[in-house]
Amino acid sequence: QVQLVESGGGLVQAGGSLRLSCEASGSIFSINVMGWYRQAPGKQRELVPAITSGGTAKYAESAKGRFTISRDNAKNTVYLQMSGLRPEDTAVYYCNTIPTIPYWGQGTQVTVSS
């Protein structure tokens, strides 16, 4: 059974920090590149950072220097540590594989106030 469960979002002021977590089914986690995606109102979903099963990470320009992606393969969990948050980071954040599978979790809402 495919499962992606995101958590950790919330309301923070600009400059604040949040740590997101995503627990995934073992069947889709262990061999896949995992990514955090976000979708703001009226905008397309975008990939923010990604991480290989070996821990190599890549970041979108908007996330470089502020976000850190990590994973715990033993727990089938991928994390996103976000700091220096900006109002434009406001979105629903999802995790998925790369390339994506046709299943999305409920996401976790991140709202950054100015």
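Restricting ALA24, ALA50 to those that are under 11 Å from the mean Cα position of the chain (by Cα) and among the aliphatic types (A, V, I, L, M) reduces the list to ALA50. Are any of the residues in segment 84-91 surrounded by 14 or more Cβ atoms within 10 Å (Cβ to Cβ) and closer than 16 Å to GLU6 by Cα? Yes - at least one qualifying residue is present in segment 84-91. Of the residues making up segment 1-48, just one is in contact (Cβ under 8 Å) with a residue 60 or more places away in the chain, among the basic types (Lys, Arg) and either surrounded by fewer than 20 Cβ atoms within 10 Å (Cβ to Cβ) or over 15 Å from THR111 (Cα atoms) (or both), namely ARG19. Looking only at segment 54-77, how many residues end up being among the basic types (Lys, Arg), in a strand (DSSP E or B) and open to solvent by less than 60 Å² (accessible area, probe 1.4 Å)? Residues meeting the conditions: 1. Of the residues that make up segment 77-91, is at least one farther than 20 Å from GLY9 by Cα and of a type in the set (Lys, Arg)? No: segment 77-91 contains no residue that is farther than 20 Å from GLY9 by Cα and of a type in the set (Lys, Arg).
In the condition set (1) in contact (Cβ under 8 Å) with a residue 40 or more places away in the chain; (2) crowded, with 18+ Cβ neighbours inside 10 Å; (3) farther than 21 Å from GLY16 by Cα, ILE51 is compliant with all but (1). Assessment of segment 93-108 against the conditions (farther than 22 Å from VAL2 by Cβ, under 12 Å from the mean Cα position of the chain (by Cα) and touching a residue at least 12 places away in the same chain (Cβ under 8 Å)) yields no matching residue.
The values are calculated or read from the model by the stated rules, or taken from the named source; none is laboratory data. As the structure is a computational prediction, the values presented were derived from the model and not from experiment. No Cβ is skipped: glycine too gets one built from the backbone with ideal geometry, and neighbour counts run over all protein chains shown. These accessible areas exclude ligands, DNA and RNA; they are computed on the full protein's heavy atoms, side chains included. Shrake-Rupley method; radii C 1.70, N 1.55, O 1.52, S 1.80 Å.
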